[in-house]
Amino acid sequence: MKLDSSIAAIVTGGASGLGEATARRLAGLGVRVAIFDLQKDRGEKVADEIGGRFYEADVTSETSVDAAFAAARAAHGIERVLVNCAGIAPGRRTVTKKRDSGELLAHDLATFQKTIMINLVGTFHMITKSTVAMAAAPPLDADGQRGVVITTSSVAAEDGQTGQAAYSASKAGVMGMTLPIARDLASFGIRAMTILPGLFYTPLFDGLPEAARTSLAASVPFPSRLGRPDEYAQLVQSICENDMLNGGAIRLDGAIRLAPK
């Protein structure tokens, strides 16, 4: 797929972190970018800076998503690229012992369900709503390609750490549905790929002390640093441009394998 002004893209979670870097890179190539996010002020700022559009959207809400898609398509036409970066990463152990009393507490179901709803169900929701429109659009090339969807999993899908049961389950689900979705969409000329980022410098790390960030960076075999969001965006670009990338999951992690904690 050639990325230029003839292509429209939607990036969820595009107001910050990996999504923001992706929105900026795609826009820099001339792509007409729409950002879907709940961070209205930040999302509008990024959209203004890249010449794109922002739409407030909750990926778990059908009403919200339908309205955002309708507005984005009215402005840019049917998207041919969908990048899913929206997600949350709560930390909680399956069983926790309170320090003061020794009382044992079960992982609350609400946090687990919310994580699955946003990270996994929300991702699938976006994919099916996007690709039903892509499938009806005219092909872009002689191969009959109509679009590409890229989802964000995590290395935690394969080596989740202590306290990451909900997060790892959601990201493993994202990775696990990639191949069947690619097979479902093959007859329509739509590709599906997943990226598993390792330790990337995103707003999640802003609250950590410098010593903690340095320690995490040193745990990456090579290069021994935190990933830069634009390196994620660069892989998004490569997936879009290489038509044989389909149905797979790529670790983008500097060879790290997460320790238990």
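Every read-out reported here was derived from the displayed coordinates using simple, explicitly stated rules and does not represent laboratory data. Please read these numbers as outputs of a predicted model, since none were measured by experiment. Because the Cβ atoms are built from the backbone with ideal geometry, glycine has one as well, and the counts that use them run over all protein chains shown.
Some observations on this one:
- Among the candidates 154, 130, residue that is within 18 Å of residue 236 (Cβ to Cβ), touching a Phe, Trp or Tyr at 6+ places or on another chain (Cβ under 8 Å), polar (S, T, N, Q) and assigned to a loop (DSSP other than H, G, I, E, B): 154
- Highlighted here are the helices (runs of 4 or more DSSP H) found entirely within region 1-99 that include at least 3 residues which are within 25 Å of residue 113 (Cβ to Cβ) and of a type outside the set (Val, Ile, Thr): 17-28, 62-76.
- Tallying residues that are in a helix (DSSP H, G or I) and either in contact with a Lys or Arg (Cβ under 7 Å, 6 or more places away or on another chain) or without any contact (Cβ under 8 Å) to a residue 40 or more places away in the chain (or both) within region 187-223 yields 12.
- Selection status of residue 83, crowded, with 21+ Cβ neighbours inside 10 Å and under 21 Å from residue 238 (Cα atoms): yes
- Within region 178-196, tally of residues that are farther than 22 Å from residue 257 by Cα and either surrounded by fewer than 16 Cβ atoms within 10 Å (Cβ to Cβ) or not small (Gly, Ala, Ser) (or both): 11
A quick yes/no check of all residues on (1) surrounded by fewer than 24 Cβ atoms within 10 Å (Cβ to Cβ); (2) touching a residue at least 40 places away in the same chain (Cβ under 8 Å):
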site: 4; (1), (2): yes, no
site: 9; (1), (2): no, yes
site: 17; (1), (2): yes, yes
site: 20; (1), (2): no, yes
site: 29; (1), (2): yes, yes
site: 42; (1), (2): yes, no
site: 45; (1), (2): yes, no
site: 60; (1), (2): yes, yes
site: 67; (1), (2): yes, no
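- When residue 254 is tested against (1) at negative phi; (2) in contact (Cβ under 8 Å) with a residue 24 or more places away in the chain, only condition (1) is not met.
- Residues that are exposed (fewer than 12 other Cβ atoms within 10 Å of the Cβ), farther than 13 Å from residue 186 by Cβ and either among the hydrophobic types (A, V, I, L, M, F, W, C) or in contact (Cβ under 8 Å) with a residue 40 or more places away in the chain (or both) within region 133-153 comprise 136, 141, 142, listed in sequence order.
- Residues in region 252-261 that are of a type outside the set (Gly, Ala, Ser), crowded, with 18+ Cβ neighbours inside 10 Å and in contact with a Ser or Thr (Cβ under 9 Å, 6 or more places away or on another chain): 256, 258.
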